[in-house]
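Accompanying notes for the structure given below.
FYI, it's all coordinate maths here, none of it is from the lab. No experiment lies behind these values; they were computed from the predicted model shown. When we count neighbours, we look across all protein chains shown, and the Cβ atoms used for this are built from the backbone with ideal geometry, even at glycine.
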């Protein structure tokens with residue numbers, strides 16, 4: 001296969017993967033039924049996993065601008081999903097932590113998403129399930145961030 005047809009084949013596969021991933025992500029957001037934007041869900045999950053975090057640390061982790069992180073955090077705080085406390089080492093800095101309500105919401109969302117996918121996979125044969133397992137491994141490797 002020449003370089004041009006290989007490139008076209010890679011581009012075609014990339015387009016199919018992008019569409020499949022986009023549709024899957026959209027469907028999983030619908031299943032989560034959280035009344036939060038994708039950015040808010042991502043920020044909440046980051047704070048839960050890595051918190052407490054300063055708004056600057058949240059911005060860096062999510063690769064968003066600091067003012068955007070501040071707005072997202074304010075919305076999550078207003079919903080009772082994160083709590084803001086003072087940094088004992090620097091009174092000018094606030095720390096964001098997931099609340100019990102925020103953690104419970106994430107757990108519920110993850111359970112709903114997992115249940116949806118499990119139900120969709122239930123009718124698959126062993127060969128298709130093995131293909132999905134391999135695809136998940138490949139996608140995880142492809143998406144590993146070399147900066148972390």
Quick one: if you take sqrt(5λ) for each eigenvalue of the C-alpha gyration tensor of the stretch 28-102, what semi-axes come out, biggest first, whole angstrom?
21, 13, 10
Degrees separating the helix 3-32 axis from the principal Cα axis of the chain, which is the longest one:
50
Given the peptides 77-83, 87-93, arrange them by the average over their residues of other C-beta atoms within 10 Å, most packed first.
77-83, 87-93
Express the relative contact order of the stretch 33-143 as a whole percentage, based on alpha carbon pairs under 8 Å and six or more residues apart in sequence.
24
What shape does the stretch 78-140 have by the C-alpha gyration tensor, where a ≥ b ≥ c are the square roots of the eigenvalues, rounded means a/c under 1.5, and otherwise prolate means a/b greater than b/c and oblate the rest?
oblate
Would you calculate a helix-derived [θ] at 222 nm for the chain, using -39,500 (n - 2.57) for each DSSP H run of n ≥ 4 and dividing by the full residue count, to the nearest 500?
-23500 deg cm²/dmol
Can you give the relative contact order of the stretch 63-120 as a percent, counting alpha carbon pairs under 8 Å and 6+ residues apart?
23
How far apart, in nm, are the 7 Å Cα→Cβ label points at residue 39 and residue 101?
2.2
Output needed: percent of Cα pairs per 10 Å distance bin for the stretch 1-127, bins running from 0 to the one holding the longest distance.
12, 31, 26, 18, 10, 3, 0
